[in-house]
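The values are calculated or read from the model by the stated rules, or taken from the named source; none is laboratory data. Being a predicted model, the structure only gives us computed values, none of them experimental. We work out accessible area using only protein heavy atoms, side chains counted, and drop any ligands, DNA or RNA first. Shrake-Rupley method; radii C 1.70, N 1.55, O 1.52, S 1.80 Å.
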Amino acid sequence: MVGELRRPWGPSGEHPSTVQVVHAPAWSGATTDEVLAAVDEDAYLCVVFLSERHTRESPARGLLTMPTIWEDEGDLDPVSYRELTDSPEPREFRAAPAAVHGIHVNLTLGTMGFAEFAAAVSAEPDQVLRPF
């Protein structure tokens with residue numbers, strides 16, 4: 001899987017991989033909230049891709065994909081707050097290693113939002129987003 005993440009990407013493989021792989025067995029069993037709390041101070045990080053037991057045991061090898069940026073509910077008017085709490089944004093989805101670069105670039109540039117990717121995952125039979 002690491003080899004897949006480090007391959008150049010793009011239509012012709014013209015973009016080098018910039019994935020930073022962290023091997024940290026001490027984090028085995030950490031919750032989503034614990035992982036997101038650990039990266040909370042990194043202003044340049046908008047998404048985290050996590051390989052955990054489900055990733056390793058699944059044929060699709062879908063990485064758990066989590067946004068690091070959340071809507072600040074404190075500044076919302078009561079109507080917007082109610083809409084947000086009645087239909088909260090998705091907190092995670094699974095992505096194939098080959099989709100990681102496209103997700104990261106689109107989220108960083110703001111051309112797509114996390115919820116748009118999560119919606120695309122719901123159309124996949126195995127609930128794993130692949131490059132499109």
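At a glance:
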quantity: Exposure rank, largest accessible area first [69, 103; 1.4 Å]; calculated: 69, 103
quantity: Relative contact order of segment 15-74, defined on C-alpha pairs under 8 angstrom at six or more residues apart (%); calculated: 29 percent
quantity: Ranking by accessible area, most exposed first, for 27, 9 with a 1.4 Å probe; calculated: 27, 9
quantity: Taking only Cα atoms of the chain, radius of gyration then Dmax in Å; calculated: 15.6, 48
